[in-house]
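Input: a single structure, listed below in structure tokens.
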Amino acid sequence: MQSMNKPIVVANWKMNPQSLAEAKRLFDSVGKGLKDIKNTEVVICPPFIYLPLLNNGGRTSIKLGAQDVFWEKKGAFTGEISSKMLKDLGCQYVIIGHSERRRYFNETDEVVNKKLKTALATKLNPILCIGETQQERKKGKTKEILKRQLTNALEKISDFRLHTSDFVIAYEPIWAIGTGKACSPAEAKRAGDFIRSTVSNIYNQKFAENLSILYGGSVNSQNAKPYIFEADFQGLLIGGASLKAKEFIKIVKSVS
Ligand code: PEP
């Protein structure tokens with residue numbers, strides 16, 4: 001059961017870089033380095049405030065994504081950003097449920113579900129992040145956690161609604177994020193296959209087969225390839241390594 005979608009590589013810049021000048025430099029370098037890449041979808045998710053300044057009206061094939069979105073449409077929600085605002089800035093994707101949001105901002109599965117619904121309603125393509133902690137992994141609870149996160153996140157969302165967007169799931173084992181200890185392709189494959197079969201049970205086999213599932217967690221240019229070519233993932237979510245233009249370009253090229 002493997003999707004034939006073209007690979008998608010997502011850069012999550014997190015709270016980096018520290019100046020607009022650096023952000024522009026990084027974005028331009030990546031754009032130049034990847035200008036001939038056609039068979040891979042490249043998405044850069046910078047901090048919100050850089051989004052309008054990096055929107056170059058499609059001069060490069062790089063797509064813009066946000067790192068989060070609020071679930072309400074508008075109104076008195078100090079500090080929050082709506083889905084419509086993101087669309088207006090040229091954003092096409094949004095990361096939802098990243099483990100850092102869950103950990104530092106207490107985002108529950110219920111919140112993730114609301115954010116997914118909002119993104120889908122505004123045709124912002126959601127990148128839903130799920131994954132287990134080291135403790136859960138050691139206790140043999142990986143599947144249980146993934147199933148819970150998926151079932152709750154997708155509650156009362158029809159496959160039709162997901163189908164009309166480029167909905168993507170990212171398997172991100174928390175213990176592998178930013179630690180330099182990437183999950184082995186074999187172990188990641190077991191989780192990826194489980195995610196696909198869980199989605200198949202929630203919806204149907206055809207939908208699950210066509211779904212793009214990404215791997216994220218300490219990916220670099222040396223270890224990227226096997227996740228795509230051996231472990232049946234359709235793309236990668238890159239944190240730290242996306243802040244170095246050369247390294248990120250190498251990663252994209254290695255899977256294209
Ligand atoms: C992430 O935070 O989504 C991520 C994959 O980070 P890193 O590549 O730095 O492990």
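The values are calculated or read from the model by the stated rules, or taken from the named source; none is laboratory data. Computed from a prediction, not measured in an experiment: that's the story for all the values here. Methodologically, a virtual Cβ is constructed for each residue, glycine included, from the backbone with ideal geometry; neighbour enumeration extends over all protein chains shown. Surface areas here come from the heavy atoms of the whole protein model, side chains and all, with no ligands, DNA or RNA. Shrake-Rupley method; radii C 1.70, N 1.55, O 1.52, S 1.80 Å.
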Being more than 16 Å from the ligand (Cβ to nearest atom) and aromatic (Phe, Trp, Tyr) is the requirement here; does Phe77 meet it? yes
Have a look at Asp159, Asp166 and point out the one that is touching a residue at least 60 places away in the same chain (Cβ under 8 Å), open to solvent by 10 Å² or more (accessible area, probe 1.4 Å) and within 24 Å of Leu211 (Cα to Cα). Asp166
Tally of residues being closer than 15 Å to Glu155 by Cα, open to solvent by 40 Å² or more (accessible area, probe 1.4 Å) and not polar (S, T, N, Q) across segment 88-120: 3
List the residue pairs whose Cβ atoms are under 6 Å apart, where the first residue sits in segment 220-235 and is on the phi < 0 side of the Ramachandran plot, the second is of a type in the set (Phe, Trp, Tyr) and outside any helix (DSSP H, G or I), and the two are 6 or more positions apart or on different chains. Tyr227/Tyr215; Tyr227/Phe233; Phe233/Tyr215
Name the single residue that is farthest from Lys189 (Cα to Cα) among those in segment 229-240 being open to solvent by 10 Å² or more (accessible area, probe 1.4 Å) and within 15 Å of the ligand (Cβ to nearest atom). Gly240
Find the residue count for segment 47-87, including only residues that are surrounded by fewer than 19 Cβ atoms within 10 Å (Cβ to Cβ), touching a residue at least 40 places away in the same chain (Cβ under 8 Å) and either among the basic types (Lys, Arg) or over 14 Å from Thr122 (Cα atoms) (or both). 1
